[in-house]
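Following: one structure in C-alpha cells, then a few remarks.
The values are calculated or read from the model by the stated rules, or taken from the named source; none is laboratory data. Owing to the predicted nature of the structure, the values given are computational and were not obtained by experimental measurement. In this analysis, Cβ positions are derived from the backbone assuming ideal geometry, glycine residues included, and neighbour counts consider all displayed protein chains. The area values use the complete protein model at the heavy-atom level, side chains included, leaving out ligands, DNA and RNA. Shrake-Rupley method; radii C 1.70, N 1.55, O 1.52, S 1.80 Å.
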Amino acid sequence: MNIYEFKVNDIDGNEVLMEKFKNKVLLIVNTASACGFTPQLEGLQKLYDEYKDKDFVVLGFPCNQFKNQDPGTNEEIKTFCSLNFGVTFPMFEKIEVNGKDAHPLYQFLKSKKSGILGNKIKWNFTKFLIDKNGNVISRFAPTTEPKDIEKHILELL
C-alpha cells in the first residue's frame, strides 16, 4: 500500500486522487493559519517554487485540532495563505489528523512513520516526505524548518 490509493478533497471541495502525484517527491504538511509555526508557509512556498519543475510538490492540509489554530472556513484559509504567504502549492480541505476521525491518508502516514508521540501528530506543521513511488521516507517535527528538509528532498529528486 502507498499514498496513491487515497482520495482527498482540495480546498475548493474537488476530489483529488493521490495517484495524480505519481512520480513526484511530496512534502505533506498539516498547516494552520494562527500557529507560531505559520510563517513556515513562506519556507514551504520557497521549496515549492525552487523544485516544482523538478517533480516536487508541497501538499498542505489545514487542521484545527491543535488549540483551535485554524478555525476558518476552507475559503478563508485559502485566502489567508495566498494573501499573507503567496501560497500556490496545492492546499486541501481542513481535516483531522488525530483521533477516530483522522483522515485515512493521515492514518496511513502515521502508521508508516511514527513520531515522538508514537502514532499521533504532535502539532501543526508536522511534515512527511514521500518518494516518487509513494513511499513514506521521513517524518519531520513541527520545529523543523522547511529549509532544513531541502537536502532530503534533493536526495529523492
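Given the criterion exposed (fewer than 15 other Cβ atoms within 10 Å of the Cβ) and either touching a Pro at 6+ places or on another chain (Cβ under 7 Å) or at pLDDT 90 or above (or both), identify the matching residue among Ala102, Ala141. Can you show your working first?
Numbers: Ala102 fails: exposed (fewer than 15 other Cβ atoms within 10 Å of the Cβ).
From the options Ala102, Ala141, the qualifying one is Ala141.
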Under 7 Å between Cβ atoms, at least 6 apart or on separate chains: pull out the pairs that start in segment 51-63 with a residue that is closer than 20 Å to Tyr106 by Cα and end on any residue that is open to solvent by 10 Å² or more (accessible area, probe 1.4 Å) and charged (D, E, K, R).
Phe56/Lys24; Val57/Lys24; Pro62/Lys94; Cys63/Lys94; Cys63/Glu96
Considering only residues that are within 15 Å of the chain's Cα centre (by Cα) and farther than 22 Å from Asn64 by Cβ, which ones fall in segment 113-134?
Lys113, Leu129, Ile130, Asp131, Gly134
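Tell me, which residue of segment 105-118 that is open to solvent by less than 60 Å² (accessible area, probe 1.4 Å) and not hydrophobic (A, V, I, L, M, F, W, C) is farthest from Lys54 (Cα to Cα)? Before the answer, list the steps.
Step one: list which residues in segment 105-118 are open to solvent by less than 60 Å² (accessible area, probe 1.4 Å), which gives 105-106, 108-110, 115, 118.
Now narrow it down to the ones that are not hydrophobic (A, V, I, L, M, F, W, C): 106, 110, 115, 118.
Values: Tyr106: 25, Lys110: 27, Gly115: 29, Gly118: 33 Å.
Filtering first and then ranking leaves Gly118.
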Which members of segment 80-97 meet the condition of being at pLDDT below 95 and of a type in the set (S, T, N, Q)?
Ser82, Asn84
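Quick one: in segment 147-157, of everything that is of a type outside the set (D, E, K, R) and out of contact with any helix residue (DSSP H, G or I) (no Cβ under 7 Å at 6 or more places or on another chain), which residue is most open to solvent (accessible area, probe 1.4 Å)? Step through it out loud before you land on a result.
Step one: of segment 147-157, the residues of a type outside the set (D, E, K, R) are 149, 152-154, 156-157.
So of that shortlist, the ones also out of contact with any helix residue (DSSP H, G or I) (no Cβ under 7 Å at 6 or more places or on another chain) come out as 149, 152, 154, 156.
On the way: Ile149: 0, His152: 54, Leu154: 87, Leu156: 48 Å².
Selected residue: Leu154.
Every residue, every condition in (1) open to solvent by 10 Å² or more (accessible area, probe 1.4 Å); (2) among the acidic types (Asp, Glu), yes or no:
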{"position": "Gly72", "(1), (2)": "yes, no"}
{"position": "Phe80", "(1), (2)": "yes, no"}
{"position": "Lys120", "(1), (2)": "yes, no"}
{"position": "Trp123", "(1), (2)": "yes, no"}
{"position": "Thr126", "(1), (2)": "no, no"}
{"position": "Gly134", "(1), (2)": "no, no"}
{"position": "Glu145", "(1), (2)": "yes, yes"}
Here are the criteria: (1) without any contact (Cβ under 8 Å) to a residue 40 or more places away in the chain; (2) surrounded by fewer than 21 Cβ atoms within 10 Å (Cβ to Cβ); (3) of a type in the set (Lys, Arg). Tell me which single one Lys94 does not satisfy.
(2)
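Specify the residue that is modelled with the lowest pLDDT; the eligible residues are those in segment 38-63 that are outside any helix (DSSP H, G or I) and surrounded by fewer than 19 Cβ atoms within 10 Å (Cβ to Cβ). Can you show your working first?
The first filter runs over segment 38-63 and keeps only residues outside any helix (DSSP H, G or I), leaving 38-39, 55-63.
Filter once more, so that each one left must be surrounded by fewer than 19 Cβ atoms within 10 Å (Cβ to Cβ): 39, 55, 57.
Working: Pro39: 93, Asp55: 97, Val57: 98.
Per the criteria, the residue is Pro39.
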Qualifying residues in segment 1-36 (those that are part of a helix (DSSP H, G or I) and free of Cβ contacts under 8 Å to residues at least 24 places away in the same chain) - the one most open to solvent (accessible area, probe 1.4 Å)
Lys20
